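Novice: Here's a structure for you.
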Amino acid sequence: MRRPYLRPIDSLWWAKPPYLAYTLREATGIAIGAYALVLLAGVICLAVSENAYDAWLRFLASRWSLALHAIFLVAMLFHVWTWFAIMPKTMPRLVIGGRYVEPRLITATGVAIAALASLVLLVIALRILQ
Amino acid sequence: MKRSVAPIFWLMFGAGGMLAALVGPALVIMTGLIVPTGVGNSTTIMDYAHAIAFAQHPFGKLVLLAVISLFAWHGAERIYLTLKDMHLGPKFTLAWLSYGSAGAVTLATTAALLAIGF
C-alpha cells in the first residue's frame, strides 16, 4: 500500500506570516463583495418603493453602516495599493526607449492614476448632483 | 482539448479589481460616508428623486450594473481562491457557492434595474 509522507500543515497557516499578508489582500475581496451587496440592497429598495428606499438611506446613516463603510474604505485603499503592487508581476515587462520600466514606477503610476480618478469622480459627483 | 472556463472568471475578477482600484474609494466615501452624514450639504444628491432619475437613465443603469456585478465577481474570485487554499470544502462546491453568489447578484441587479424601468 502506498503511504506517501504528508508534511503536517498548521491549520491556521493563513493567519500567520508570511501568508497573513496574502490573506489580508484576499480579504479585501470580502469587503468589495459586501459593498456590492449594500448597493444592490439600495437598487432593490429603489425598485420597490420610495418608502423602502428611504429606509435604506436611514440604514446608511446609522452608526453600524458608517462603521461598516469605514472598514470598506480601509479595505478599498489597501486594495488600491496591492492591486498596483502586483501589477508589474502580472503584466509583460514594459520597455520604453529600450529600457525596462522599474516595477516600482509602474506601481506608483497606477496608484497616482487611481488617486486622480477617485478624486475627479468625487468632485464631479458632488458638484453636478448638488 | 477541453477548454477551461477559468479565463472568463479571471476577466471578471480583473475588470472588477481595476474598477474598484480606480473609483472604489470615491464610491465608498460618497455613498457610505459623505452623503449619509450630509457633509457639504450633500444629502440631496442621493435622495429618492435623484436616485430614481439616475437608475432610469440607460447610462445610470449601466453604471449601477457594472459597479455592483463586477465588484461581486471580483469578491467571489478572491473568496473562492482563498477558501480553496484553506481546503474548506470540495473545489466544485466552493466554486458553485462563490461564483453562484456573484451570478445571483448580477441577476438580481438586472431584475431590479428592469423593474425600475426607463
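Novice: Which one of these is facing another protein chain (nearest Cβ under 10 Å), crowded, with 20+ Cβ neighbours inside 10 Å and over 18 Å from A:Arg127 (Cβ atoms): B:Ala20, B:Ala26?
Specialist: B:Ala20
Novice: Are any residues in the range A:16-56 small (Gly, Ala, Ser), part of a helix (DSSP H, G or I) and more than 9 Å from every other protein chain (Cβ to nearest Cβ), and if so, which ones?
Specialist: Of everything in the range A:16-56, those that are small (Gly, Ala, Ser), part of a helix (DSSP H, G or I) and more than 9 Å from every other protein chain (Cβ to nearest Cβ) turn out to be A:Ala21, A:Ala41, A:Ala52, A:Ala55.
Novice: I need every pair where a residue in the range A:2-18 that is closer than 15 Å to B:Asp85 by Cα has its Cβ under 8 Å from the Cβ of a residue that is not acidic (Asp, Glu), sequence separation at least 6 or different chains.
Specialist: A:Asp10/A:Lys16; A:Trp13/A:Tyr19; A:Trp14/A:Leu20; A:Trp14/A:Tyr22; A:Trp14/A:Thr23; A:Trp14/B:Thr82; A:Trp14/B:Met86; A:Ala15/A:Thr23
Novice: For the range A:78-103, name all the residues that are modelled with pLDDT of 90 or more and either surrounded by 18 or more Cβ atoms within 10 Å (Cβ to Cβ) or more than 20 Å from the chain's Cα centre (by Cα) (or both).
Specialist: A:His79, A:Val80, A:Thr82, A:Trp83, A:Phe84
Novice: So, one more: Take the range B:80-118 and flag every residue that is β-branched (Val, Ile, Thr), surrounded by fewer than 22 Cβ atoms within 10 Å (Cβ to Cβ) and within 11 Å of chain A (Cβ to nearest Cβ).
Specialist: Result: B:Thr82, B:Thr106, B:Thr110, B:Ile116.
Table: residues versus (1) touching a residue at least 40 places away in the same chain (Cβ under 8 Å); (2) at the interface with another protein chain (Cβ under 7 Å from one of its Cβ atoms); (3) of a type in the set (Lys, Arg); (4) out of contact with any Lys or Arg (no Cβ under 7 Å at 6 or more places or on another chain).
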| site | (1), (2), (3), (4) |
| --- | --- |
| A:Ile71 | yes, no, no, yes |
| A:Trp83 | no, yes, no, yes |
| A:Thr109 | no, no, no, yes |
| A:Ser118 | no, yes, no, yes |
| A:Leu122 | no, yes, no, yes |
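Novice: Counting only residues that are facing chain B (nearest Cβ under 7 Å) and among the aliphatic types (A, V, I, L, M), which one in the range A:58-69 is surrounded by the most Cβ atoms within 10 Å (Cβ to Cβ)?
Specialist: A:Leu60
Novice: Can you work out which of the residues in the range A:64-105 that are of a type in the set (Gly, Ala, Ser) and assigned to a helix (DSSP H, G or I) is nearest to B:Met18 (Cα to Cα)?
Specialist: Per the stated criteria, the residue is A:Ala85.
The values are calculated or read from the model by the stated rules, or taken from the named source; none is laboratory data. Computed from a predicted model, the values in this text were never measured in an experiment. Neighbour counts run over all protein chains shown; Cβ positions are idealised from the backbone, glycine included.
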